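First the structure, in the form of structure tokens, and then the observations on it.
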Amino acid sequence: MGFQCRRVNIMGQLVQDVSPFLFPCTIEYSLICAAILYVMWRNIGKRSHTRHNSSVSSDFSSLPSRRHHYSVDCAHANKGLFTGILVLVLAIISLILFFVLISKPEYKDLAVLEAHISELVLYCLNTIAAVIALMQVRELRYSVQHYVELDNILLIVAQTGVYLFAIFCIIGGHFTISRNTILVLFTALANLIQATVQTIFVLDASRRYASTPDQVRRKPGREMITFLLVCNFAMWAINSLEARRTDSNPVQLNFYGFWAWTIISHVSSPLAIFFRFHSTVCLCEIWKKLYKLKAERV
């Protein structure tokens, strides 16, 4: 009776409709909380190196007169930015077409086909961009003493969700005979390759830095990093709104069954969505810090 009462209520129907999209947020929130707690645990017991002397009061007295200027250098990023925005707009159009077609029973197969094609093209473009960016940033100095940061650990942990989802899609597509089987296999394989190549690039680029004024001026690889940053946001939107829908994966649903595929998608999809979101954050940090001139590190 209580469930039926909620069904007729406007807010109850709204919660029921948006719950599939809000569920991954709980997983992402738990991962972020775990990372913050780890940082807090690691810093417990460390002494602060702040010096308390007579100059402190004079420093604080001059604080109101200080002005902090924050500037963003967007040089050598225009082409990558506008190309990425174009891909983002096309991804949004693809999402709109998918939701329009999937709501009509006679066009469901066309909606699934359109979703797989758009994802395949997006993964291929991002793989090519990541390979080009990896080659272009190799001329920058590589820091051997740089330790693995928490952001990189979170990225690797979240990548397991991409691997799980792609591997189960490959298995389901391999043992199923239908029109969309080949496209499911290619899309899952492209997703697997793209995530691997991009993670390799992020881990490599996070250890590099510009060591000469010429590298700061030319900013090698920045166009591709900007393109990857915007495209990862587009992939995050697709994974959040489209990929985790049960009716958008009919091949996997028929092979595994409703409950098995529901468990697989609810375990892997939140991690895959977090991977796209966190990749955008990591690429933004690389875009901001990679081309700052630093002295030679010992």
(message) So, in the range 177-211, exactly how many residues are open to solvent by 30 Å² or more (accessible area, probe 1.4 Å) and under 19 Å from Thr262 (Cα atoms)?
(response) 0
(message) Restricting to the range 237-283, count the residues that are farther than 16 Å from Leu164 by Cβ, open to solvent by 30 Å² or more (accessible area, probe 1.4 Å) and either in contact (Cβ under 8 Å) with a residue 24 or more places away in the chain or in contact with a strand residue (DSSP E or B) (Cβ under 8 Å, 6 or more places away or on another chain) (or both).
(response) 7
(request) Determine whether Ala34 is open to solvent by less than 70 Å² (accessible area, probe 1.4 Å), outside any helix (DSSP H, G or I), out of contact with any helix residue (DSSP H, G or I) (no Cβ under 7 Å at 6 or more places or on another chain) and at pLDDT below 85. (result) no
(message) Any residue at all in the range 126-141 that's surrounded by 16 or more Cβ atoms within 10 Å (Cβ to Cβ), assigned to a loop (DSSP other than H, G, I, E, B) and out of contact with any Cys (no Cβ under 6 Å at 6 or more places or on another chain)?
(response) yes
(request) Find the residue count for the range 249-263, including only residues that are under 22 Å from Leu122 (Cβ atoms) and out of contact with any Lys or Arg (no Cβ under 9 Å at 6 or more places or on another chain). (result) 3
(message) Among the residues of the range 163-182, are any modelled with pLDDT under 85, of a type in the set (S, T, N, Q), at negative phi and within 20 Å of the chain's Cα centre (by Cα)?
(response) no
(request) State yes or no: is Leu155 surrounded by fewer than 21 Cβ atoms within 10 Å (Cβ to Cβ) and either of a type outside the set (D, E, K, R) or more than 29 Å from Tyr29 (Cβ to Cβ) (or both)? (result) no
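The values are calculated or read from the model by the stated rules, or taken from the named source; none is laboratory data. Just so you know, these numbers come straight off a predicted model, no measurement behind them. Cβ sites come from the backbone with ideal geometry, for glycine too, and all protein chains shown count toward neighbours. Just so you know, the surface numbers come from the protein's heavy atoms only, side chains and all, with ligands and any DNA or RNA stripped out. Shrake-Rupley method; radii C 1.70, N 1.55, O 1.52, S 1.80 Å.
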